[in-house]
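Working notes, structure below.
The values are calculated or read from the model by the stated rules, or taken from the named source; none is laboratory data. These numbers come from a predicted model, not from an experiment. Note: ideal-geometry Cβ built from the backbone for every residue, glycine included; neighbour counts use all protein chains shown. Remember, those area values only see protein heavy atoms, side chains included, never the ligands or the DNA or RNA. Shrake-Rupley method; radii C 1.70, N 1.55, O 1.52, S 1.80 Å.
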Amino acid sequence: ALREPSLVAVGALLKADVPAVRAARDAYRARGIRVKKLPNRLCRLAVADTDRAFLAGLFAGDLVVLHPTEASSDAGAQARDLLAATKDAGNVKLLGGALDDAALYAADFERLRDAPSLHELRASVARAVR
């Protein structure tokens, strides 16, 4: 869950009771986002000595690890789904994450959401080449 998906987010649970966690999980699943509530120690061990070791600093408190269920080359669309699901869940605050081997802060997810898709970029390059 922490090494393989290209986009991974770490979020803090604002409420950690069972009904709140279930509601958040349902909101994320409806948008195609997998939710895992894992022990912080296990998360730190999973990223130790990897290209995503920078994530270890995020693992404190009641957290969830979020990532899209399907691989996609469009990180902007994945960020849009992630942010929409976070808004629907109402119980998670994004702390940061990773896109491939790059660290993401919470605000970076909004920048990704607003970025043009890969298809749009290719179309604009094709128009410019003509």
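What is the local net charge at ALA23, summed over the other residues whose Cβ is closer than 14 Å to its Cβ (Lys, Arg +1; Asp, Glu -1)?
Taking every other residue near ALA23 into account, the sum is +4.
Quick one: putting +1 on the C-beta of Lys and Arg, -1 on the C-beta of Asp and Glu, what dipole do you get for the chain around its Cα centre, in Debye to the nearest 20?
Its charge dipole is roughly 240 debye.
Distance in nm between label sites at ARG22 and ASP101, each 7 Å beyond Cα in the beta-carbon direction?
Simple spin-label model gives 4.3 nm for this pair.
What translational D, rounded to a whole number of µm²/s, comes out for the chain from Stokes-Einstein when the hydrodynamic radius is the Kirkwood one over Cα pairs, at 20 °C and 1.002 mPa s?
Here the translational diffusion coefficient equals 141 µm²/s.
State whether the range 1-61 is rounded, prolate or oblate according to the following rule on the C-alpha gyration tensor (a ≥ b ≥ c being the square roots of its eigenvalues): a/c under 1.5 gives rounded; otherwise a/b larger than b/c gives prolate, and the remaining case gives oblate.
It is oblate, given that a/c is not under 1.5 and a/b is not larger than b/c.
Could you provide, to the nearest whole Å², the per residue accessible area of the range 5-130 with probe 1.4 Å? Write down the numbers at each step before the final one.
On the way: 7250 Å² over 126 residues.
Result: 58 Å² per residue.
Starting from the Cα gyration tensor of the range 77-124, take the square roots of the eigenvalues, sort them a ≥ b ≥ c, and report rounded, prolate or oblate (rounded when a/c is under 1.5, otherwise prolate if a/b is larger than b/c, else oblate).
Oblate.
Do you know the relative contact order of the range 1-77, to the nearest whole percent, from alpha carbon pairs under 8 angstrom that are 6+ apart? Working shown, then result.
Details: 90 pairs, mean separation 36.1, N = 77.
Reported relative contact order: 47 percent.
When the chain is treated as a GNM, springs tying every alpha-carbon pair under 10 Å, which of ARG31, ARG22, ARG113 comes out with the largest mean-square fluctuation?
ARG22
Return the carbon/sulfur percentage of the accessible area of the chain, one whole number, probe 1.4 Å, all protein chains in place.
51 percent
At a Förster radius of 35 Å, what calculated FRET efficiency corresponds to the Cβ-Cβ distance of ARG130 and LYS36, to the nearest 0.05?
The pair ARG130/LYS36 has a calculated efficiency of 0.15.
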